[in-house]
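Structure record follows, encoded as structure tokens.
The values are calculated or read from the model by the stated rules, or taken from the named source; none is laboratory data. Keep in mind that what you see is a predicted model, and the values were worked out from it rather than measured. Neighbour counts are summed over all protein chains in view; Cβ atoms, including those assigned to glycine, are modelled from backbone coordinates with ideal geometry. Surface areas here come from the heavy atoms of the whole protein model, side chains and all, with no ligands, DNA or RNA. Shrake-Rupley method; radii C 1.70, N 1.55, O 1.52, S 1.80 Å.
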Amino acid sequence: MFVSIDPAVPALVAGYMRADITRRPDHLRVGPFLVGLNPHTASLGHNYAIPLAGATPTQAEIAELVSVFERHHRTPRLECVTGVAPRAEAALIAAGFTVDQRLAMLACSPGSGIERPVPEGIVASAIHDAGDLLDAVTVQNEAYGEAASAGSHDVERLQA
């Protein structure tokens, strides 16, 4: 199957990732990287860096990035949209990083989605109530093997 992706899609996805990190009050910039560290959990999904568009990090900048993660007792980890920073991957690999996963980027144009019937008894809706959000994070933590208990900081993160 051949899928054509609009060239703007990788930049849009990278923009979302950048927004996710910069909305955190304690995000950092380390050389050509933005870093988001969660003070409440060491979970890999909540602690990562992204290279900025066009980034060509030096070995010294990568060493500084690793040092920031280590000072916060976090695993150095990046999420990259390689089309946005194509030279970053080679520099990271040269510094000892490895590619853990290479995920397909899926996209559809507005109006091209396919409606599917909702199974009886299933309700899908946005939730805003703090108690419902806490329940959602509790389920996520269990599903992903997160050791930390869900708390008000998780509710605040989802509300943001």
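Miscellaneous remarks
- Screening Arg87 with (1) touching a residue at least 12 places away in the same chain (Cβ under 8 Å); (2) open to solvent by less than 80 Å² (accessible area, probe 1.4 Å); (3) not in a loop (DSSP other than H, G, I, E, B) gives one miss only, at (2).
- Residue under evaluation Ile93, criteria (1) open to solvent by 100 Å² or more (accessible area, probe 1.4 Å); (2) without any contact (Cβ under 8 Å) to a residue 12 or more places away in the chain, criterion not met: (1)
- Residue in the range 144-160 that is most open to solvent (accessible area, probe 1.4 Å), counting only those that are closer than 15 Å to His46 by Cα and part of a helix (DSSP H, G or I): Glu156
- For the range 55-71, the set of residues classified as open to solvent by less than 40 Å² (accessible area, probe 1.4 Å), over 12 Å from Ala95 (Cβ atoms) and assigned to a loop (DSSP other than H, G, I, E, B) consists of Ala55 only.
- Boolean, Arg18 is open to solvent by 90 Å² or more (accessible area, probe 1.4 Å), in a helix (DSSP H, G or I) and within 29 Å of Ala150 (Cα to Cα): yes
- Filtered by the rule that a residue be touching a residue at least 12 places away in the same chain (Cβ under 8 Å), more than 24 Å from Val13 (Cα to Cα) and open to solvent by less than 100 Å² (accessible area, probe 1.4 Å), the range 102-135 gives Ala130, Leu133, Leu134.
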